[in-house]
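Visitor: Supplied in structure tokens, the structure appears directly below.
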Amino acid sequence: MLNTNTAKAMIDHALFLGADFAELFVERHHSGNVELLSGEVDKVNSGIDFGIGIRLFFGKKVLYGYTNSLDEEKLKQVTSLLCAKDKRDQIATAGALNFMTANNRHPALMPFSIDNHVEEKIAYLRRVDAKARAESDKISQIVSRILQREQHIEIFNSTGLHVQDTRHYTRIASSVVASSGNEQSTGYEAPGMLSGWEFNNQIDPEALGEQAAKQALIKLGAAACPSGEMPVVIGNGFGGVIFHEACGHLLETTSVAKKASVFHDKMGEMIANPVVNAVDDGLMTNEWGSINIDDEGMETQHTQLIKDGKLTGFMVDHMGSLKTGYARTGSGRRESYKYAPTSRMRNTYIEAGNDAFDDMISGIERGIYAKKMGGGSVQPGTGEFNFAVQEAYMIENGKITHPLKSATLISTGPKVLKEINMVSNDFALAAGMCGSVSGSVPTTVGQPALKVDNILVGGGN
């Protein structure tokens, strides 16, 4: 996308101005969205964005800017502006650029750039809508959409790196509202994969519509959730959002390097119950949060974060490595050329255990089964959280009984890690988007069902 001679000239110019390290992140992003609102086509749009991000290191200081121009003089101008306050005599020399194409572990059979399949997508969404609506006359609104995008990246840096990669994303989402009198409740399903439109062959549209509708319907007329400290079984798949938000961010060098994480000095120590094993993995074939290379050009990898309750790893980007001394893990990520990369999660999950789900339930006299988690808020640094439960049930005398509404889970990530005492074998993953200082990136959360011995549950009407 960018002429190699232009890239080399810009890098040489940055080092001449005194930078220790210079990087160009070139991106061409093609995206499209098809949306239905209550059975009618509401949006069909697509767009292309292009730009170049320029990142410079002066010691442990990061300077960043971007432009939409391929012109060499414009790139040098942006670089000169970035260096204006830090300019010094040259101390580094650029390596010769050595081109490579990233090893593609995630094939896409039906990429967006070849065919956007608009009519096929509309027909697919109509099937989602029809099935959800058929579940009950209490279904009052359905919004379904398909997002597909294709991201081409090219990275040059002063160590001689020159690499290209292409990423294909497809996500299908359905949001359903059920109403009865003055009461409303919602259901939401949004699977995604690092692949082309062939992903639709793995997601049955009727099953998707039915699942979202049933989530909404089950809460209508449900009993209010009781409040207080009690045992909770957190369901598999999206239940992993708690680990992601309340613990995962604390294991990124984004916070570790600043000592803003309670785990910054706990490497090698027991931070969880010994039944807990946690991973951040970018290698999983075609998973939503996977990548071939990170946004700094490093090959991705499998990173063990917690092993048998012991902290064994952090997620480390280039600058995070310079600041902490930990080796890079291929975790440098960014939303687009408009953001400097930093350490971010990929596919982050608690690994499967050996306990049976039925044994977890049968051992609880009075508690909550949080089958499907929703959104929430987290306090950076401490991992204090407050998460809504999208679908919850009462557990009484070892049995799942009636559905609940307005359930929330309140605790801290570090505390919950130690309160987990059973981990089942029904592992599942779920797609999501994660926002942080380098923008919003596709990430996967996951876990098997697990039992937390004691956690504060909030309820109400």
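The values are calculated or read from the model by the stated rules, or taken from the named source; none is laboratory data. As the structure is a computational prediction, the values presented were derived from the model and not from experiment. As a convention, Cβ positions derive from the backbone with ideal geometry for all residues, glycine included, and neighbour counts pool all protein chains shown. For the accessible areas, the whole protein counts, side chains as well, though only heavy atoms, and no ligand, DNA or RNA atoms are used. Shrake-Rupley method; radii C 1.70, N 1.55, O 1.52, S 1.80 Å.
Visitor: Take the residues of the range 61-98 that are of a type in the set (D, E, K, R), open to solvent by 50 Å² or more (accessible area, probe 1.4 Å) and within 11 Å of Ala19 (Cα to Cα): which is farthest from the chain's Cα centre (by Cα)?
Guide: Ranking the candidates gives Asp89 first.
Visitor: Might you let me know whether the range 421-429 holds any residue that is closer than 15 Å to Glu229 by Cβ and buried (at least 22 other Cβ atoms within 10 Å of the Cβ)?
Guide: There is no residue in the range 421-429 that is closer than 15 Å to Glu229 by Cβ and buried (at least 22 other Cβ atoms within 10 Å of the Cβ).
Visitor: Right, next: If you check Val452, Val445, Val423, which single one turns out to be closer than 22 Å to Pro191 by Cβ, outside the structural domain of Met193 (by the TED database), among the β-branched types (Val, Ile, Thr) and part of a strand (DSSP E or B)?
Guide: Values: Val452 fails: closer than 22 Å to Pro191 by Cβ; Val423 fails: closer than 22 Å to Pro191 by Cβ.
Going through Val452, Val445, Val423 in turn, just one is closer than 22 Å to Pro191 by Cβ, outside the structural domain of Met193 (by the TED database), among the β-branched types (Val, Ile, Thr) and part of a strand (DSSP E or B): Val445.
Visitor: If we scan the range 30-44, do we find a residue that is open to solvent by 20 Å² or more (accessible area, probe 1.4 Å) and among the small types (Gly, Ala, Ser)?
Guide: For the range 30-44, residues open to solvent by 20 Å² or more (accessible area, probe 1.4 Å) and among the small types (Gly, Ala, Ser): present.
Visitor: Oh, and also: Gly248 versus (1) open to solvent by less than 40 Å² (accessible area, probe 1.4 Å); (2) over 25 Å from the mean Cα position of the chain (by Cα): which is the lone unmet condition?
Guide: (2)
Visitor: If you don't mind, another one. Name the residues in the range 155-185 that are open to solvent by 20 Å² or more (accessible area, probe 1.4 Å), in contact (Cβ under 8 Å) with a residue 60 or more places away in the chain and farther than 24 Å from Asn347 by Cα, would you?
Guide: Scanning the range 155-185 gives Thr159, Leu161.
Visitor: Quick one: which of Arg328, Arg344 is in contact with a helix residue (DSSP H, G or I) (Cβ under 8 Å, 6 or more places away or on another chain) and under 20 Å from Ile242 (Cβ atoms)?
Guide: That would be Arg344, the only listed residue that is in contact with a helix residue (DSSP H, G or I) (Cβ under 8 Å, 6 or more places away or on another chain) and under 20 Å from Ile242 (Cβ atoms).
Visitor: Out of curiosity, is Ala14 buried (at least 21 other Cβ atoms within 10 Å of the Cβ), in contact with a helix residue (DSSP H, G or I) (Cβ under 8 Å, 6 or more places away or on another chain) and either in contact (Cβ under 8 Å) with a residue 60 or more places away in the chain or assigned to a loop (DSSP other than H, G, I, E, B) (or both)?
Guide: Numbers: buried (at least 21 other Cβ atoms within 10 Å of the Cβ): yes; in contact with a helix residue (DSSP H, G or I) (Cβ under 8 Å, 6 or more places away or on another chain): yes; either in contact (Cβ under 8 Å) with a residue 60 or more places away in the chain or assigned to a loop (DSSP other than H, G, I, E, B) (or both): yes.
For Ala14, the condition - buried (at least 21 other Cβ atoms within 10 Å of the Cβ), in contact with a helix residue (DSSP H, G or I) (Cβ under 8 Å, 6 or more places away or on another chain) and either in contact (Cβ under 8 Å) with a residue 60 or more places away in the chain or assigned to a loop (DSSP other than H, G, I, E, B) (or both) - is met.
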